[in-house]
């Protein structure tokens, strides 16, 4: 199996699994219990909180554990909107956000908030001039991703923080860092940062919202007052411990690891450009940590005149897992809003494949993937599908 | 005391529909029907199914869910109607007592205010004649339940009293079944099952007439996804709740579609693929002792279902092709699909192999000679052999 769908989810690291098992089989107390079992469980949660905070490199932020990236985004956006509703009505976001952000903004739009979506160019790079124009004194929240999940483009989140300051806007800055955490440094000036466990070889159903200390958000889930009253409910101790472990692991030799991943990603890009005709790279070609470059783990490619879904299933037969640029090619509604916002044509969107790598891939796997993809595309083009 | 005992059991009277008309075969049909009911009720413990005086009786422990049992019985083809009943001794006193108690419950559960007794006696030796039974039991009920009135025209409750040789049965509902004939009384057919709305309904309709089912499903992996096959299996399972466990042959058509696309005119693709499907289905049918093919085709619905196209399709096989939906409108088929419970699953969006190589302008009036000329460019027998050899069999169990 060659797994190149690490932006969808990742294989859980064995040491993560081991720590979770300990929490399930031995350290199974309720952190709120007064007895020793409770104390031990509380310690496991505290340890994970420290590990996540260290891995994020954000000593000035409080960690609130959640069920994952989507919940963190919901908590941040609805919380910020509620907290700031007397100071203004504008929320600024981008046209290429994950549905976890998109749908929250959509709902707030129905509640009278004025949602402004900043556009991107053909490589998915943010239009800063539009951002300058959009952010004003009425803006209470700016929410944007750090790395785009479909194409990998990095957004200048700290630059946005500067604009907010300059405009003297009351806005909080929320960053959806689900795809960037563990791969590039998190933005230094965001007020809220959403991260997820299962994208960094941690458990599914785990995640956190980092909240700048001193910032007060309204309770998201009410009840027993866990997570500083923000998110009640008995802590999911195994998932939290697993997230802590995964976060520590991904902070270790991050630069070196990403260098290796980028090299493989670049090899893949070069190989596909050489071996396949009529290819268009949707991601920025250059990888790095700077805004406007591409996160080293991601590569979005359009094989013109093909259907991504069929290429995907052909590669699946060869044991290669990738994903497409659209949920269902026969259905226009399923077409990627990200690629649409980037100005990609229907033909480009239809033939899009996303490769997302991890450090567990090898160069040999990449070489095989290049060969197999070239064959799959050739086979499709020979046959077509009449549409 | 007698009535207390009868309350320990649910009793259902199941009436056979057309089965009763089948003359000499009657006992055979009834036996098949009882067998089928027994099989479907196997999941409940403590259920007894037996035939008695032209009816089928089902007795179940009172602890079991009455509605669930009715639901299962109503799925059995050949069942005309079901009546939950109470049983008592065939004496006027016992019947009167049981009727009063039955009406107490009807008042409590359904707020019945008016009623009418409809009595009949299967036992012609019973000393009281039917109209008189009605009058006497009606009087007993009026005396026992002061709140009730008789209304012979529009009663809230028609209280049926069925006097039989040993026992008498009292009931009010006749819950309709689907009718049809007991499964296994009418041969076996090979159904071409896709993930769409029509083919599950067509399969159901043939099964309803007593036909055993074997199915074949065609896909075009990797042009279609494994999820599409998953969907078809789930859909087939819904059909299996009526027609029982059956086998589904799964065939990848892509190698054939590739040859057609590369060698034949684009506009003929659909009809050519269709002919291959029929021939493969026919081969499988002969191997599995199916006497006919079943399709969900419907006159004029799509290009491959025009009168001309159906003629060309039929010419590819010698087994008869059953098309039970041929004269229905799409909305009628959809209504049926909803009634039998396959519609929701059918409309889930996954591509099937019919839509993969859909030409822009398919021929609607194909000529057999031209189609045969196109097929002459292909190694048809070789392709069909290979397809049949790659047959994967999936066992479909009731959902």
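Tally the residues that are within 14 Å of chain A (Cβ to nearest Cβ) and crowded, with 19+ Cβ neighbours inside 10 Å, restricting the search to the stretch B:265-302. Give the derivation first.
Filtering the stretch B:265-302 for residues within 14 Å of chain A (Cβ to nearest Cβ) gives B:265-270, B:272-273.
Going one step further and asking which of them are crowded, with 19+ Cβ neighbours inside 10 Å, we end up with B:268-270, B:272-273.
Qualifying residue count for the region: 5.
From the list A:292, A:224, A:296, A:305, the one residue that fits, being away from chain B (no Cβ under 14 Å), in a loop (DSSP other than H, G, I, E, B) and crowded, with 23+ Cβ neighbours inside 10 Å, is A:296. If I ask for residues that are in contact (Cβ under 8 Å) with a residue 12 or more places away in the chain and closer than 16 Å to residue A:366 by Cβ, which ones from the stretch A:264-278 would you list? If the condition is that a residue be in contact (Cβ under 8 Å) with a residue 12 or more places away in the chain and closer than 16 Å to residue A:366 by Cβ, then A:264, A:265, A:266, A:267, A:268, A:269, A:271, A:272, A:275, A:276 are the ones that fit.
Given the options B:61, B:65, name the one that is without any contact (Cβ under 8 Å) to a residue 60 or more places away in the chain and in contact with a strand residue (DSSP E or B) (Cβ under 8 Å, 6 or more places away or on another chain).
Residue meeting the stated conditions: B:61.
Taken over the stretch A:85-103, the residue count meeting the criterion of being free of Cβ contacts under 8 Å to residues at least 60 places away in the same chain and buried (at least 23 other Cβ atoms within 10 Å of the Cβ) is 2. Flag: residue B:378 matches the condition of being at pLDDT 95 or above and either in contact with a helix residue (DSSP H, G or I) (Cβ under 8 Å, 6 or more places away or on another chain) or part of a loop (DSSP other than H, G, I, E, B) (or both).
For the stretch A:313-339, enumerate the residues that are facing chain B (nearest Cβ under 8 Å) and modelled with pLDDT of 90 or more.
A:313, A:314, A:316, A:317
Among the residues of the stretch A:155-172, those identified as in contact with a strand residue (DSSP E or B) (Cβ under 8 Å, 6 or more places away or on another chain) and more than 17 Å from residue A:85 (Cβ to Cβ) are A:155, A:156, A:157, A:160, A:161, A:164, A:167. What number goes with the only condition from (1) surrounded by fewer than 22 Cβ atoms within 10 Å (Cβ to Cβ); (2) in contact with a helix residue (DSSP H, G or I) (Cβ under 9 Å, 6 or more places away or on another chain); (3) within 14 Å of chain A (Cβ to nearest Cβ); (4) more than 25 Å from residue B:327 (Cβ to Cβ) that residue B:227 does not pass? The failed condition is (2). Using beta carbons and a limit of 9 Å, which pairs, at least six apart or on different chains, have the first residue in the stretch B:89-113 and within 15 Å of residue B:159 (Cα to Cα) and the second one at pLDDT below 90 and in a helix (DSSP H, G or I)? Pairs that qualify, where the first residue is within 15 Å of residue B:159 (Cα to Cα) and the partner is at pLDDT below 90 and in a helix (DSSP H, G or I), are B:97/B:2; B:97/B:3; B:98/B:2; B:98/B:3; B:98/B:6; B:101/B:3; B:112/B:106. Residues that are more than 24 Å from residue B:54 (Cα to Cα) and outside any helix (DSSP H, G or I) within the stretch B:103-137 comprise B:111, B:112, B:113, B:114, B:115, B:116, listed in sequence order.
Inside the stretch A:106-127, can you point out the residues that are in contact with a helix residue (DSSP H, G or I) (Cβ under 7 Å, 6 or more places away or on another chain) and outside any loop (DSSP other than H, G, I, E, B)? Those that are in contact with a helix residue (DSSP H, G or I) (Cβ under 7 Å, 6 or more places away or on another chain) and outside any loop (DSSP other than H, G, I, E, B): A:108, A:115, A:116, A:118, A:120. Would you tally the residues in the stretch B:3-17 being at pLDDT 65 or above and in a loop (DSSP other than H, G, I, E, B)? Total satisfying the criteria: 2. Scanning the stretch A:12-41 for residues that are in a loop (DSSP other than H, G, I, E, B) and surrounded by fewer than 13 Cβ atoms within 10 Å (Cβ to Cβ) yields A:26, A:34, A:35. Scanning the stretch B:87-102 for residues being touching a helix residue (DSSP H, G or I) at 6+ places or on another chain (Cβ under 8 Å) and in a helix (DSSP H, G or I) gives a total of 9.
The rows are residues; the columns are (1) buried (at least 21 other Cβ atoms within 10 Å of the Cβ); (2) over 18 Å from the mean Cα position of the chain (by Cα); (3) modelled with pLDDT under 90.
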residue: B:19; (1), (2), (3): yes, no, yes
residue: B:24; (1), (2), (3): no, yes, yes
residue: B:27; (1), (2), (3): no, yes, yes
residue: B:44; (1), (2), (3): no, yes, yes
residue: B:51; (1), (2), (3): no, yes, no
residue: B:61; (1), (2), (3): no, yes, no
residue: B:65; (1), (2), (3): no, yes, no
residue: B:70; (1), (2), (3): no, no, no
residue: B:76; (1), (2), (3): yes, no, no
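The values are calculated or read from the model by the stated rules, or taken from the named source; none is laboratory data. Owing to the predicted nature of the structure, the values given are computational and were not obtained by experimental measurement. Glycine gets a Cβ as well: all are built from the backbone with ideal geometry, and neighbour counts include every protein chain shown.
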